[in-house]
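Working notes, beginning with the structure itself.
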Amino acid sequence: MTTTAPTAASATTADPRLKDTWLTRQLLTLVIGFVVVAMLPFLLGEQAQTVAVRTLIFAIMAVGWNIMSGFGGMFSFGHAAFFGIGAYTGAYLLVEHGISPWLSMIVAAVVSAAVGTTIAYLCLRYRLAGSYFALATFAFAQMFLLLVQNLEVFNKTEGFNVPILPRDSWSMLQFEKGSANYLWIPLVILALAVLGTIFYVRSRAGQYVQAIRDDATAAASLGIDTMKYRLIAVAASCALTAVAGVYYVQYYFFVGPEQAFGSAVSVEAIVPAVIGGIGTIWGPVLGAAVIGPLSEVINEILRRPPAFLEFLQGSIGLDVAVYSVILILIVIFLPKGIFGTVRERWRK
């Protein structure tokens, strides 16, 4: 009588302890979060909904930045370049040629990915890493800012004003003021971005780029094409950031050089990821959920302070100072970000 040794696959199926529940947990969290946020238009006023939309745009940018800088380990301080490419591509195609923003998102994603991979290739080819890589990305963002400010085709410093239609139009992404569609659309984009990140992290490309981030020399010695997998991360990051730029224009009906390529835009992509937790799935989303409303709350308190803080009313720049202090405290006491720190303490 002969016996057949069990295969690895059959052993995995037979032992429930070996079943991977990570993906199930992530997808369940995504579905629950999507449903909760989708209900917000029925609960929030118009001003609060505007804050929620801006927060979703921040979250999309942060998720995009995190793919390249968190999982890929290539810290970018110039993501305004890719946000701006998306914003100006969408605005130019719509204003000058009447092209739908839906199509503009695809075009902007491709253009931004191509520009981003070219920049990253040049930086990596000439061995720019760490702070040098970050400075290089910042320099390219500033270069794009200067170019747009001086090119007549992009209306120089005047930027683009999106023509407002007299009726709702799904093809042009214009709806009645305060419409829930303005929140649901970026929510769907964010959900798809997070879903893509979940599967990317589990994929060979995602595993390889994290190995390269941790030790590029060791990864290369194992035969991993470090340049290829880094550029894949960069392309995905830049494409997603450009989509956020296209939607920004459609929501605010205007874009200028500073709104698209200013250094503050790069900060808006970085801060949520840093506060939430770099290199995690949910860190950028959680960080954006904290940072977006926080700035509005601080501004509201300083505009209408309680009686014991009336002396602060009208102080110029105080909102930025308070905001900065709060961020510094979060970084000091939660060095791995909110999500990263909570996850680490939970596991202990």
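Computed over protein heavy atoms with a 1.4 Å probe, the accessible surface of the chain works out to 52 Å² per residue. Length available on full extension from LEU27 to ARG343: 0.36 nm per residue minus the Cα-Cα distance, which gives 112.0 nm. Helix 318-333 versus the longest principal axis of the chain: what angle, 0 to 90°, nearest 10, using Cα atoms? It is inclined by approximately 10 degrees. 3J(HN,Hα) couplings calculated from phi for the range 243-253 with the Karplus curve 6.51 cos²θ - 1.76 cosθ + 1.60 (θ = phi - 60°) are, in sequence order, 4, 4, x, 4, 5, 3, 5, 5, 7, 9, 6 Hz; Gly and Pro show x.
For the ranges 116-127, 62-73, 210-221, 324-335, what's the packing order if you count other beta-carbon atoms within 10 Å of each residue, average per peptide, and put the highest first? Please report the intermediate quantities before stating the final value.
Values: 116-127: 16.6, 62-73: 27.7, 210-221: 14.8, 324-335: 12.4.
Top to bottom by mean Cβ count within 10 Å: 62-73, 116-127, 210-221, 324-335.
A full extension of the chain between PHE42 and ARG304 corresponds to an added length of 91.7 nm, given 0.36 nm per residue minus the alpha carbon distance. When all protein chains stay in place and ligands, DNA and RNA are ignored, the 1.4 Å accessible-area order of MET227, MET61, largest first, is MET227, MET61.
For the listed peptides 21-27, 74-80, a ranking on the average number of other beta carbons within 10 Å per residue, highest first, reads 74-80, 21-27. Taking amide hydrogens as placed 1.01 Å from N in the peptide plane, the amide H of GLN174 sits under 5 Å from those of SER169, each at least 5 positions away in sequence or on another chain. Mean residue ellipticity, 222 nm, helices only, the chain: the sum of -39500 (n - 2.57) across DSSP H runs of n ≥ 4, divided by residue count and rounded to 500, is -23000 deg cm²/dmol.
Taking the Cα centre of the chain as origin, sum charge times position over the Cβ atoms of Lys and Arg (+1) and Asp and Glu (-1), and report the length of that vector in debye to the nearest 20.
1060
Among rounded, prolate and oblate, which fits the range 50-201 when a ≥ b ≥ c are the square roots of the eigenvalues of its C-alpha gyration tensor, a/c under 1.5 means rounded, and a/b larger than b/c means prolate? Cα axes put the range 50-201 in the oblate bin. Surface composition of the chain: carbon plus sulfur atoms hold 66% of the accessible area, using a 1.4 angstrom probe and ignoring ligands, DNA and RNA. Quick one: grab the alpha carbon gyration tensor of the range 90-159, order the square roots of its eigenvalues as a ≥ b ≥ c, and give me rounded if a/c is under 1.5, else prolate or oblate depending on whether a/b is larger than b/c. In terms of gyration-tensor shape, oblate. I need the shape label for the chain. Rule: rounded when a/c is under 1.5, else prolate if a/b > b/c, else oblate, with a, b, c from the alpha carbon gyration tensor. Prolate, since a/c reaches 1.5 and a/b exceeds b/c. In nm, to one decimal, how far is the modelled label at LEU327 from the one at LEU151, with both set 7 Å along Cα→Cβ? Here the modelled spin labels are 2.9 nm apart. Full extension of the segment from TYR126 to SER179, taken as 0.36 nm per residue of separation minus the current Cα-Cα distance, would add 14.2 nm. Highest mean packing first, where packing is the average number of other Cβ atoms within 10 Å per residue, the peptides 296-303, 51-58, 139-146, 271-278 line up as 271-278, 51-58, 139-146, 296-303.
The values are calculated or read from the model by the stated rules, or taken from the named source; none is laboratory data. Just so we're clear, the structure is a prediction, and the values are computed from it rather than from any experiment. We place every Cβ from the backbone using ideal geometry, glycine too, and count neighbours over all the protein chains shown. These accessible areas exclude ligands, DNA and RNA; they are computed on the full protein's heavy atoms, side chains included. Shrake-Rupley method; radii C 1.70, N 1.55, O 1.52, S 1.80 Å.
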